[in-house]
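Asker: My questions will all concern the structure given below.
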Amino acid sequence: WDNVGRMVYDQRICADYVEAAAVAVNSGNDLIMATPAFFEAAQEAVGRGLVDEEQIDDAVRRVLRLKFELGLFEDPRTPDSERQAEVIGCREHTDLNLETARRCLVLLRNEGILPLEGGLTSDGTGRAASRGTPRTIAVIGPNADSPEAMLGDWAGASGQVPWMPEGHPRELVETVLDGLRAVAPSGWTVTHARGADIASPADDREWGIGPDGQPQAPVFTPAPVVQDQIEQATALAEAADYAVVVVGDTIALTGEGRSTATLDLQGGQIALLDAVAATGTP
């Protein structure tokens, strides 16, 4: 993304867009992405003798040849709104997504706790059938009720979708807490506590320039352990029959332009897990 421009303002290996355009074309970069300044810069590079017009002709020829081979001139494949409405988000695809999610779950160990209840009721509500005494499930963790954790990168509020700065419509996203509340047997109680944070509010999400003039990536700052949060979570766990703890990472750690340096749980999550495990609640 903006591969030509980044040679100027990020990597700083080219003095200006004219030099960057010449480097790109002469290196066989036939297509640019999101560098509007490339077009005028490339023409100036040709005018200054930094790029031979034959290089431009060769690049155009390769792009056109590919389009011909793909049949794009015979069938331009213009967007079909009716087809889009029929296919995108269709029931077949959502069912496949659900099946994929179910199959990717990994159960490391089961000491007779799962499944919590068996089967579904026959009333069409989608709730699990109760086998007896109503129970309480404590749903705990920073990702237990996080729409962002369910969607991941390239979703609303991730920074990749500027037209949805507040995120996807909440009613279209089902969190772990939402799901358990939806399927728990009638009469059961589902409680919730965050228990821990992952990133510090002081987390710097913007690129900066260091004292040496080189670009600096955003710095992730783990959140501190907050005892009040843990005490609230453990109180719910102690009062519950089951505890479901949802931990993990955030889009500040994984996604485009981000790479975590460790697979360790960040922030107060380890302390939270230890505290909930110490309650003895399965």
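Asker: Kindly indicate whether any position in the stretch 55-66 is modelled with pLDDT of 90 or more, surrounded by fewer than 11 Cβ atoms within 10 Å (Cβ to Cβ), of a type outside the set (A, V, I, L, M) and not assigned by TED's automatic domain parsing to the domain that holds Leu172.
Answerer: Looking for residues that are modelled with pLDDT of 90 or more, surrounded by fewer than 11 Cβ atoms within 10 Å (Cβ to Cβ), of a type outside the set (A, V, I, L, M) and not assigned by TED's automatic domain parsing to the domain that holds Leu172, one finds at least one in the stretch 55-66, hence yes.
Asker: Could you tell me which of the residues Arg77, Arg91 is free of Cβ contacts under 8 Å to residues at least 24 places away in the same chain, within 30 Å of Val176 (Cβ to Cβ) and either outside the structural domain of Val176 (by TED's automatic domain parsing) or out of contact with any Cys (no Cβ under 8 Å at 6 or more places or on another chain) (or both)?
Answerer: Arg91
Asker: Right, another one. For the stretch 120-152, what are the residues that are exposed (fewer than 15 other Cβ atoms within 10 Å of the Cβ) and within 18 Å of the chain's Cα centre (by Cα)?
Answerer: Matches in the stretch 120-152: Gly152 only.
Asker: Further, regarding this structure: Quick test for you: out of Leu114, Leu96, Leu177, Leu72, pick the one residue that is hydrophobic (A, V, I, L, M, F, W, C), in a loop (DSSP other than H, G, I, E, B) and under 31 Å from the mean Cα position of the chain (by Cα).
Answerer: That would be Leu114, the only listed residue that is hydrophobic (A, V, I, L, M, F, W, C), in a loop (DSSP other than H, G, I, E, B) and under 31 Å from the mean Cα position of the chain (by Cα).
Asker: Oh, and also: Restricting attention to the stretch 20-34, which residues are part of a loop (DSSP other than H, G, I, E, B) and surrounded by 21 or more Cβ atoms within 10 Å (Cβ to Cβ)? Spell out how you get there, then give the answer.
Answerer: Filtering the stretch 20-34 down to residues part of a loop (DSSP other than H, G, I, E, B) leaves 27-34.
Of everything in the stretch 20-34, nothing turns out to be part of a loop (DSSP other than H, G, I, E, B) and surrounded by 21 or more Cβ atoms within 10 Å (Cβ to Cβ).
Asker: I would also like to ask the following. Can you name every residue in the stretch 160-209 that is of a type in the set (Ser, Thr, Tyr) and modelled with pLDDT under 90?
Answerer: Result: Ser186, Ser200.
The values are calculated or read from the model by the stated rules, or taken from the named source; none is laboratory data. These numbers come from a predicted model, not from an experiment. Cβ: placed from backbone, ideal geometry, glycine included. Neighbour counts: every protein chain shown.
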